[in-house]
Amino acid sequence: MELDFSREWHIIGPRGGSDGGDPAGFAARELSEILGRMIGRGSAGGPKNGDGSEAERIIVLDSGTDRASRGFSWRAASDRVEIFGANGGALLRGVYDFLACLGARWVEPGEKGERLPRGEILRLSESSRSSEGEGLPSTLILGHGVLLEGWEDRLAWAARAGYSSVFVHTTPDALAMGAAPESLYESLRAAIGPLARKLGLELELGGHGLSSLLPRSLFEKEPGLFRMREGRRDPDRNLCPSSAEALAIIAEAFAARATAHPEVAVFHAWPDDLPGGGWCSCPACSALSPAAQSLKVARALAGALSSARTNAALAFLAYHDTEDTGSCLEGGERLPPNLELLWAPRLRCWGSSLSEGGDALNAASIAAFRRTARAWRAAGGGRVSVFEYWEDAVLFKGAVPPLVSVMEGDLAAYRGPSPEEGADAVGILCAGGRVALGPRPNLALLPGLASRISSRELLADWAGAAYGAAAEPMLEYWRELEAAWAIDLDLEEGETAIHVPDSRSRYAADPPADWGDPWTAGAPRLEAKRGRCEELFDHLRRAEARLSAARASIERSEESADSREAAAVRGEASEYAISGAVLELDCARLSAYHELAAGNARAAADIANLALSASGAVRKALRCLPDKRQRREIGLLITLYYDLRLRMIRRANARSGLRRLMDLWLTGARTGLAALGIMRAYVPKAIAPRRPRR
């Protein structure tokens, strides 16, 4: 079906809609401006009031008042288009869906990601559509300051790409590698809130950023608050952090914070990671698991929130030692309806999906999720959401793998065999200290995958929009790269041991280890993994060949060298330099580990030295990053999770004790200086603490 825009069309905005300040009013303006760019005019008729009877061709927008719904529908004829949404946000989603059927695509945030068909005659792929039977709502999680700095582009892109909400994941830490600085959000929230509302996006906030209100941090920061007896302060007595009096103090502080943030619909107040125990070991608390202690606090916070903000919710994090939340609900105690479950499955394998059989890690993870979801709903709790790490550059050490097939299988598993055991929403974490240099498929395809559209269909459509004439070789490139990463990410339980030293000063002597580091694996397992490295390299060589073919396709096509499609191919070539180097570093580290596990310390030291050269290749590839803050942070990530342990292997085989000592001292000093170089890198300068004068 074709729509002829060579003659004038009028856009009839919804009754009562403002001039762009709310989603309904903004929907009319957005439709006019994007259509205008398509047909080569400033706008397509522009929004008008009235019934449009005087116009020959009209687009009618209308919205209802059902705030709980996300539903929309539209239908088109040659001279009339009608778009309806259950509310303003749903209407805007319907507008974007209509534009997508006209060929509009947004393959990445920012103007460079927009792909629009041009001409006064536009082809409509369908004559009507409805969101009925739609899949899981999707949440875009901004987990770093570099992402929050580009908040306008990212929020606008999220709405156009089909996301329902944006979660700003914050931390108060000066070394903010896995979340955005809390102070940065506070400096921007006066503008972020109105834009999110206009785009129909629900706003979520917190994570570690609200941990200062939780028992351990608040107890250490203001111990005087907890010295009470019979309602009066008593300097000789410390309250148990889980006591009723202490919880009342914590809840009061949280309610004040929630009241001060009316723009937020869902708050995340996450506890500290509590390996092996809770906040308190007094007789009353010693029998409580970390999950039980965390849930006790969450109930108090949710109760305070229900009084302070009746339209807001609190998310309880099920993560690491709090994953056994389901067992805490077996006593029959009810949950507040405004308390949501957020499931964050860090200890799983991303080399295969949760739907595939044969992986013990994933089988245990999805079984635990379903038990917890069922128990949560039976106890009367609110929404069940998933916090997935598919785009976490910290987890994948600076290079995010394409995980489209894995995501498709994961979403099928998270829907569950029944609604009681399934998720109500799914979020994708964007973390790590850099911005992608080209369009990436995981982020762009999640809303479509969550709506049950096949990954093959979505990836082909996205690649066609992103790369133009180079779409076919780029599709093959992504398949080869995904196959290489699947080999690298094939993990067993012994390769997920997370180790955090007691103090940062001990990192050089006792290196940290994150998920995916097989530092505890035995020689047979390491030999098996090392044996697949040649297969991995074969996939990388084929990916390189397809990338070269894509660049040649762009040069032969009519698209100019400075087109957005050509820039997307060049950007992915720079991305590949980083991801390929990280994969080669992983294989080199495997070889060093294998020799060490087999008792060949000398050979392990020699290979560790070669692996450090591979680490240098990663740093060389990072030079293409435009911001030195990004280069420094990813460089520190490589130091922490690769170099420190490789240096330890090499150092252990040094013949001179003095040399070992000097290497240990220099390694610790360099690591400390590297960390200082990125601390507070994304804190606004106006509120950054001044360094003391010497």
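The values are calculated or read from the model by the stated rules, or taken from the named source; none is laboratory data. Note that the structure is predicted; figures quoted are calculated from it, not measured. Methodologically, a virtual Cβ is constructed for each residue, glycine included, from the backbone with ideal geometry; neighbour enumeration extends over all protein chains shown.
Count of segment 383-424 residues, restricted to those that are part of a loop (DSSP other than H, G, I, E, B) and of a type in the set (Asp, Glu), is 1.
Every listed requirement among (1) within 30 Å of Ala484 (Cβ to Cβ); (2) crowded, with 18+ Cβ neighbours inside 10 Å is met by Leu295 save one, (1). Do you know which residues across segment 502-527 are free of Cβ contacts under 8 Å to residues at least 60 places away in the same chain and either surrounded by 15 or more Cβ atoms within 10 Å (Cβ to Cβ) or among the polar types (S, T, N, Q) (or both)? Passing the criteria: Ser503, Asp510, Thr520, Arg525. On inspection, Ala568 qualifies as over 30 Å from Arg670 (Cβ atoms), touching a residue at least 60 places away in the same chain (Cβ under 8 Å) and assigned to a helix (DSSP H, G or I). Looking only at segment 48-103, residues that are surrounded by fewer than 21 Cβ atoms within 10 Å (Cβ to Cβ), at pLDDT 90 or above, basic (Lys, Arg) and under 20 Å from Gly162 (Cα atoms) come to 1 in all. Of all residues in segment 339-358, those that are in contact (Cβ under 8 Å) with a residue 12 or more places away in the chain, surrounded by fewer than 22 Cβ atoms within 10 Å (Cβ to Cβ) and more than 15 Å from Phe387 (Cβ to Cβ) total 5.
Residue-wise test of (1) modelled with pLDDT of 85 or more; (2) among the aliphatic types (A, V, I, L, M).
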residue: Leu644; (1), (2): yes, yes
residue: Met648; (1), (2): yes, yes
residue: Ser656; (1), (2): no, no
residue: Trp665; (1), (2): yes, no
residue: Ala669; (1), (2): yes, yes
residue: Gly672; (1), (2): yes, no
residue: Met679; (1), (2): yes, yes
residue: Ala686; (1), (2): no, yes
residue: Arg693; (1), (2): no, no
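Residues in segment 131-152: is at least one among the charged types (D, E, K, R), in the same structural domain as His268 (by TED's automatic domain parsing) and touching a Cys at 6+ places or on another chain (Cβ under 9 Å)? Looking through segment 131-152, none of the residues is among the charged types (D, E, K, R), in the same structural domain as His268 (by TED's automatic domain parsing) and touching a Cys at 6+ places or on another chain (Cβ under 9 Å). Counting only residues that are in contact (Cβ under 8 Å) with a residue 40 or more places away in the chain, in a helix (DSSP H, G or I) and surrounded by fewer than 16 Cβ atoms within 10 Å (Cβ to Cβ), segment 531-541 holds 1 of them.
Scan segment 65-83 and report the pairs whose first residue is touching a residue at least 40 places away in the same chain (Cβ under 8 Å) and whose second residue is hydroxyl-bearing (Ser, Thr, Tyr) and surrounded by fewer than 16 Cβ atoms within 10 Å (Cβ to Cβ), with Cβ atoms within less than 7 Å and a gap of 6+ or a chain change. Pairs found: Ser73/Ser130; Trp74/Ser128; Arg75/Ser127; Arg75/Ser128; Ala76/Ser127; Ala76/Ser128. Restricting Ala444, Ala460, Ala363 to residues that are in contact with a helix residue (DSSP H, G or I) (Cβ under 8 Å, 6 or more places away or on another chain) and surrounded by fewer than 20 Cβ atoms within 10 Å (Cβ to Cβ) narrows the list to Ala460.
Candidates in segment 353-408 are the residues that are small (Gly, Ala, Ser) and touching a Ser or Thr at 6+ places or on another chain (Cβ under 9 Å); of these, the one that is modelled with the lowest pLDDT is Gly358.
Those helices (runs of 4 or more DSSP H) of segment 580-694 in which 1 or more residues are under 26 Å from the mean Cα position of the chain (by Cα), outside the structural domain of Ala180 (by TED's automatic domain parsing) and of a type in the set (Val, Ile, Thr) occupy 601-621, 628-638. With respect to the stated conditions, Arg660 fails to be crowded, with 19+ Cβ neighbours inside 10 Å and under 22 Å from Pro512 (Cα atoms). In the set (1) more than 30 Å from Lys529 (Cβ to Cβ); (2) aliphatic (A, V, I, L, M); (3) in contact with an Asp or Glu (Cβ under 7 Å, 6 or more places away or on another chain), Ile428 fails one condition alone, (1).
Taken over segment 501-550, the criterion of being within 30 Å of Gly668 (Cα to Cα) and among the hydroxyl-bearing types (Ser, Thr, Tyr) is satisfied by Ser503, Ser505, Tyr507, Thr520. Counting the residues of segment 149-171 that are closer than 21 Å to Ala312 by Cβ and part of a loop (DSSP other than H, G, I, E, B) gives 2.
Of all residues in segment 153-182, those that are assigned by TED's automatic domain parsing to the domain that holds Leu210 and free of Cβ contacts under 8 Å to residues at least 60 places away in the same chain have Cβ atoms under 7 Å from Cβ atoms of residues that are in a helix (DSSP H, G or I) and of a type in the set (Phe, Trp, Tyr), 6 or more apart or on another chain, in Val168/Tyr185; Thr170/Tyr185. Those strands (runs of 3 or more DSSP E) of segment 106-148 that lie entirely within it include none in which at least 1 residues are of a type in the set (Asp, Glu), surrounded by fewer than 16 Cβ atoms within 10 Å (Cβ to Cβ) and in contact (Cβ under 8 Å) with a residue 12 or more places away in the chain.
Looking only at residues that are touching a Gly at 6+ places or on another chain (Cβ under 8 Å) and part of a helix (DSSP H, G or I) in segment 474-499, which one is modelled with the lowest pLDDT? Filtering segment 474-499 for residues that are touching a Gly at 6+ places or on another chain (Cβ under 8 Å) and part of a helix (DSSP H, G or I), the one modelled with the lowest pLDDT comes out as Gly494.
What do you reckon, is Arg257 among the basic types (Lys, Arg) and within 25 Å of the chain's Cα centre (by Cα)? Yes. Looking at the structure I just gave you, is Gly380 touching a residue at least 24 places away in the same chain (Cβ under 8 Å), over 30 Å from Leu640 (Cα atoms), part of a loop (DSSP other than H, G, I, E, B) and in the same structural domain as Ala179 (by TED's automatic domain parsing)? So Gly380 fits the description; yes.
Quick one: is His268 assigned to a loop (DSSP other than H, G, I, E, B), modelled with pLDDT of 90 or more and in the same structural domain as Leu342 (by TED's automatic domain parsing)? Against the criterion (assigned to a loop (DSSP other than H, G, I, E, B), modelled with pLDDT of 90 or more and in the same structural domain as Leu342 (by TED's automatic domain parsing)), His268 does not qualify. Residue count for segment 371-396 satisfying the condition of being surrounded by fewer than 22 Cβ atoms within 10 Å (Cβ to Cβ) and touching a helix residue (DSSP H, G or I) at 6+ places or on another chain (Cβ under 6 Å): 4.
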